[in-house]
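Heads up, the thing below is written out as structure tokens.
Quick note: the coordinates plus some simple rules give every number you see, no bench work behind them. Since the structure is predicted, the reported quantities are computational estimates derived from the model, not experimental observations. Heads up, the Cβs are rebuilt from the backbone with ideal geometry, glycines too, and the neighbour counts pull from every protein chain shown.
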């Protein structure tokens, strides 16, 4: 079992004070009645209860208070599916996981920076459907468009350079895969965010971007890396990749090619700099400004079942029993 508002459970610490207050009230009433008349005459003058009945009523009242506090905390167990519909745009995040993304010219590495930027974006996004495409020499849809950002976050955490066995970087495949992942019947604006160092080994990126523009899809490119480049880590581990002549292989950020793809679709290009909020700015200052939110649907998501009403019913039942005991425990005054 989980609770929606765990801080409410701190009120349970007040229950000992409730018990103490009940004891004080009972003793005070007993003293006042003892001062009123002789103990032998009290049953004829006032309603009295036996000590066991008083204790039982106090226990029931305290139990009812505990149940009410638990209900207020929002207990949950079990799951159900819920249809979700919101206002937003459809966004496909295409993340480069090729070997060149392991270059450390951006700390701690290009790929780790991409993961962090996407995680930050998911944390601040509201209403938009997000999906995830991973690509290297090939591309595949890792997470379809969804409003379940928690599920998307799990896929983002799995991004690694071992995810796609095909070496190289095929930006055209990434854009085509993302384009095919959009719902053709959706009327909302569609956006592709490309996170890459821009080394388009197949040279198909611009052509794929132009075809995406024909379908009114905007591409926003987030370049990760340094234009001066950095050495690519070796596949064997330790050291760096070298060409046939024994020179280190350098991977450089291709800004001109990435900017051309963005311009072809009416999107924008930005380069990652120090800090972890660059993609957020591209989202709010670029995508939000150039798109129009429409109704998006994500089908069904799992939500926890609320069970607070069970505790409310139990608390009411316990109070009802306590009230019945009070009435039965009251003794009528016997006239003198």
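Counting beta carbons within 10 Å around each of 195, 56 and listing the fewest first gives the order 56, 195. Is the stretch 84-208 best put as rounded, prolate or oblate by its Cα gyration tensor, with a ≥ b ≥ c the root eigenvalues, rounded for a/c under 1.5, and otherwise prolate when a/b is larger than b/c, oblate when not? Oblate.
Counted by neighbouring Cβ atoms within 10 Å, the residues 234, 2, 109 run from fewest to most as 2, 234, 109. Counting other Cβ atoms within 10 Å as a rough exposure proxy, the listed residues 107, 218, 211, 242 run 107, 242, 211, 218 from fewest neighbours to most.
May I ask you to derive the FRET efficiency for residue 10 and residue 288 from their Cβ-Cβ distance with R0 = 45 Å, giving the value to the nearest 0.05?
The calculated FRET efficiency here is 0.70.
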